[in-house]
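As structure tokens, the structure follows; a few thoughts come after it.
Each value in this text was obtained by applying a stated rule to the coordinates, not by laboratory testing. Just so it is clear, the model here is predicted, and its values are computed rather than measured. A quick note on method: Cβ atoms are made from the backbone with ideal geometry, for glycine too, and the neighbour counts reach across all protein chains shown.
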4 protein chains.
Amino acid sequence: MNDRTQTRTGWLAPDEIETVRGQVPLIYVDAVPVRVDALGQLTHVGLLLRAMADGTISRAVVSGRVLQGERIRDALLRNLEKDLGPVALPRLPVEVSPFTVVEYFPDEGITGFHDPRQHAVSLAFVVPVDGDCRPAQDSLELTWLTPVEATRGDIRREMSSGHDRLIRMALAHAGVLP
Amino acid sequence: MNDRTQTRTGWLAPDEIETVRGQVPLIYVDAVPVRVDALGQLTHVGLLLRAMADGTISRAVVSGRVLQGERIRDALLRNLEKDLGPVALPRLPVEVSPFTVVEYFPDEGITGFHDPRQHAVSLAFVVPVDGDCRPAQDSLELTWLTPVEATRGDIRREMSSGHDRLIRMALAHAGVLP
Amino acid sequence: MNDRTQTRTGWLAPDEIETVRGQVPLIYVDAVPVRVDALGQLTHVGLLLRAMADGTISRAVVSGRVLQGERIRDALLRNLEKDLGPVALPRLPVEVSPFTVVEYFPDEGITGFHDPRQHAVSLAFVVPVDGDCRPAQDSLELTWLTPVEATRGDIRREMSSGHDRLIRMALAHAGVLP
Amino acid sequence: MNDRTQTRTGWLAPDEIETVRGQVPLIYVDAVPVRVDALGQLTHVGLLLRAMADGTISRAVVSGRVLQGERIRDALLRNLEKDLGPVALPRLPVEVSPFTVVEYFPDEGITGFHDPRQHAVSLAFVVPVDGDCRPAQDSLELTWLTPVEATRGDIRREMSSGHDRLIRMALAHAGVLP
């Protein structure tokens with residue numbers, strides 16, 4: 001999960017965000033980028049390789065904060081473009097409800113979803129992506145994996161923060177959990 | 001709701017379908033075609049004008065039977081192409097779960113959803129459509145309406161079988177019920 | 001929407017909450033209390049009469065903030081008990097995903113959901129309630145209404161902040177929108 | 001999946017059901033019985049031990065056909081009582097939409113969900129059960145398992161028809177997939 005700072009209304013300086021983190025849970029969006037076939041069936045999930053809040057370089061989904069005054073849909077698109085580049089052509093969902101809500105805590109034992117910096121509540125969406133993805137900013141690489149590959153032990157061990165469970169929850173929602 | 005007959009495995013002759021209708025509920029898919037903006041937000045719903053099972057010419061959503069051996073996704077695509085033509089470019093949902101399940105009965109009083117011919121259970125989906133729609137077969141016309149227009153009294157009175165409620169349930173699911 | 005302050009970890013003094021409100025969106029839960037029959041079908045929705053953030057006395061659903069370190073389920077139960085009393089016996093949902101996400105803004109024009117104090121993102125749930133409800137704290141009264149009554153013009157005009165739409169979205173989700 | 005026959009309107013004699021099976025997909029309901037804590041969080045799933053359509057004795061969820069003229073809610077309750085006995089006190093869901101739709105085919109390769117007898121489309125629900133369960137009819141035993149136990153290799157190998165995947169999809173929906 002990343003925070004961009006100071007460049008427009010609603011963005012905070014590092015010390016401000018630190019103070020807020022101690023006061024209220026922050027709202028995030030998580031997006032699982034997927035490739036689908038002509039019938040809408042999920043064929044691949046996209047995993048980023050990137051620097052995580054816990055200091056590891058891990059495979060992870062697209063994730064980022066919802067800013068003050070920003071709509072959920074705008075936050076989703078902004079964070080998708082941040083991590084996948086400007087020509088990924090994500091198809092944002094019509095429905096407003098996330099497929100799951102992820103509760104990240106500094107204490108790993110509460111939900112299994114972990115963020116050492118803060119308590120964050122993240123609305124998670126599965127987002128079909130048609131275009132060309134070019135990982136940008138903190139993301140080093142994007143890999144497309146089949147449902148079988150994405151749930152294999154070696155790949156799961158390359159994820160942190162609980163993202164391996166989030167991937168399997170997304171696959172279950174799409175009816176393709178192996 | 002329409003039934004195509006006799007042209008391939010899984011399709012039934014008219015007398016066969018009559019017999020089955022008296023024995024088990026039939027499975028249908030209903031699809032609410034929608035236009036969305038770049039953020040995925042619903043801007044318009046598409047209403048067909050067509051001959052209905054109850055003998056009226058009414059505004060209605062895309063609807064049709066799931067055939068023996070046919071997957072839900074294939075039934076959705078086949079029925080969308082039947083009513084919207086071959087270049088409508090529907091984006092089928094990634095998730096397998098419908099936004100609602102409509103139970104049609106010959107007796108209008110049971111659920112408010114009505115089919116004089118049969119008991120049918122229909123899985124209902126909201127389907128964004130990007131392409132050019134050309135109503136075909138039993139459909140005379142397709143009209144794109146804003147959420148406000150689609151829920152106006154005069155438009156609602158042009159729908160039968162409970163489709164005016166189905167439209168409002170789709171708008172609620174998409175967060176744009178006026 | 002109400003905020004309780006200063007009584008335990010995660011609760012903030014009034015000036016602190018004011019500062020945070022200008023910095024990040026706050027997370028809320030909205031709960032629509034309902035009565036259901038033996039088959040789980042919604043028969044009545046419960047509307048509170050209470051002082052709202054916009055200064056009106058209006059009919060509204062249960063609503064409240066998610067505190068720092070608090071799980072969504074705990075926030076739901078705490079806010080239900082706050083508004084309905086200790087013996088309401090709410091049945092919290094098994095699933096983690098809300099039926100809709102409500103985005104409240106100080107500017108009414110953005111989503112139609114309005115909170116003059118802040119940008120809030122609220123996870124909305126339909127919660128069956130079996131027990132005896134005794135409105136407490138800021139809530140003056142609880143009234144159980146049928147779906148037809150709850151969507152009547154005169155009742156809708158007694159709601160503010162967009163709660164009349166939220167009620168209809170809940171009824172649509174439960175399959176009983178008139 | 002079981003069919004009861006001949007005892008009331010809507011039920012079919014064995015030869016009639018055989019004929020229908022060759023003509024149209026049949027509608028079923030699958031119910032995953034669960035125990036929840038005071039916050040609604042899933043703590044255990046209930047697995048039946050019973051004779052399956054494929055001839056095995058396997059662990060499975062509650063499952064059964066929707067009859068002609070029968071509402072989904074009535075079919076759910078009837079099948080829950082058939083497998084769990086009359087005092088299980090299931091809490092049927094308020095929402096009408098299933099958490100997933102399972103497509104069973106005689107050919108195992110199509111979806112991984114398998115019924116050697118027929119093409120069936122099953123609406124799957126997670127159903128909290130408060131009362132005392134007494135497996136009846138074809139069910140030999142009911143075992144309550146934690147999410148960790150229910151997804152262990154040895155337990156998964158005791159399920160057939162794809163029910164091990166259905167259990168994990170239910171756990172994912174409830175946010176407790178290990």
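Take the alpha carbon gyration tensor of chain B, find the square roots of its eigenvalues, order them as a ≥ b ≥ c, and report rounded if a/c is under 1.5; if not, report prolate when a/b exceeds b/c, else oblate.
Judged from the Cα gyration tensor, chain B comes out prolate (a/c at least 1.5, a/b above b/c).
Between copies, how far apart are the A:Leu39 label points? List them in nm, one decimal, shortest first, with each point 7 Å from Cα toward Cβ, please?
Label point to label point, same position, other copies: 3.3, 3.4, 4.0 nm.
Give the average over all directions of the projected area of the C-alpha convex hull of segment B:41-131, one decimal, in nm².
Dividing the Cα hull surface by four gives the mean projection, 6.8 nm².
So which aspartates and glutamates can D:Lys82 reach, going by Cα to Cα under 15 Å and dropping same-chain residues fewer than 8 places off?
D:Asp3, D:Asp30, D:Asp74, D:Asp132, D:Asp138, D:Glu141
Please turn the phi angles of segment D:26-42 into ³J(HN,Hα) values with the Karplus equation 6.51 cos²θ - 1.76 cosθ + 1.60 (θ = phi - 60°), one per residue in order, whole Hz, x for glycine and proline.
Once θ is set to phi - 60°, the couplings for segment D:26-42 become 9, 9, 10, 10, 10, 10, 9, x, 9, 9, 10, 8, 5, 9, x, 7, 4 Hz.
What is the distance in Å between the Cα centres of segment C:28-56 and segment C:105-148?
7
Per residue of D:13-22, count partner chain C-beta atoms within 10 Å of its C-beta, then hand back the mean as an integer.
Mean inter-chain Cβ contacts per residue within 10 Å come to 2.
Quick query: amide H of A:Val32 versus all other amide H atoms, modeled in the peptide plane; which residues come in under 5 Å with a sequence gap of 5 or more or a different chain?
Those qualifying (amide H under 5 Å, at least 5 residues apart or on another chain) are A:Phe125, A:Val126, A:Val127.
Quick query: amide H of B:Met159 versus all other amide H atoms, modeled in the peptide plane; which residues come in under 5 Å with a sequence gap of 5 or more or a different chain?
B:Arg59
Can you give the mean number of other chain Cβ atoms that lie within 10 Å of the Cβ atoms in peptide D:132-140?
Average neighbour count from other chains, rounded to a whole number: 0.
With θ set to phi - 60°, apply the Karplus curve 6.51 cos²θ - 1.76 cosθ + 1.60 along segment B:11-17 and write out the HN-Hα couplings as whole Hz, x wherever there is a Gly or Pro.
These are the phi-based 3J(HN,Hα) values: 9, 10, 5, x, 6, 5, 5 Hz.
Report the relative contact order of chain B, percent, no decimals, based on alpha-carbon pairs under 8 angstrom and at least 6 residues apart.
About 27 percent, as a whole number.
Please label the shape of segment D:120-160 as rounded, prolate or oblate, based on the square roots a ≥ b ≥ c of the eigenvalues of the alpha-carbon gyration tensor (a/c under 1.5 means rounded; beyond that, a/b larger than b/c means prolate, else oblate).
rounded
Find out how many positive minus negative residues lie around C:Thr56, taking Lys and Arg as positive, Asp and Glu as negative, among other residues whose Cβ is under 15 Å from that of C:Thr56.
Summing Lys and Arg as +1 and Asp and Glu as -1 gives -2.
According to the square roots a ≥ b ≥ c of the eigenvalues of the Cα gyration tensor, what is the shape class of the protein assembly as shown, taking rounded for a/c under 1.5, prolate for a/b larger than b/c otherwise, and oblate for the remainder?
Since a/c stays below 1.5, the shape of the protein assembly as shown is classed as rounded.
Within a 10 angstrom radius of each residue's Cβ in D:120-126, how many Cβ atoms of other chains show up on average? Whole number is fine.
3
At a 10 Å Cβ-Cβ cut-off, how would you order C:Val176, C:Val101, fewest neighbours first?
Ascending Cβ contact count within 10 Å gives the list C:Val101, C:Val176.
What FRET efficiency do you get for C:Leu89 and B:Val87 if R0 is 45 Å and r is their Cβ-Cβ distance, rounded to the nearest 0.05?
It comes to 0.25.
All other residues with a Cβ under 9 Å from the Cβ of A:Pro128 taken together, and with Lys, Arg as +1 and Asp, Glu as -1, what is their net charge?
+2
How much net charge surrounds C:Val36 when only the other residues with a Cβ under 12 Å from the Cβ of C:Val36 are counted, with Lys and Arg +1 and Asp and Glu -1?
+1
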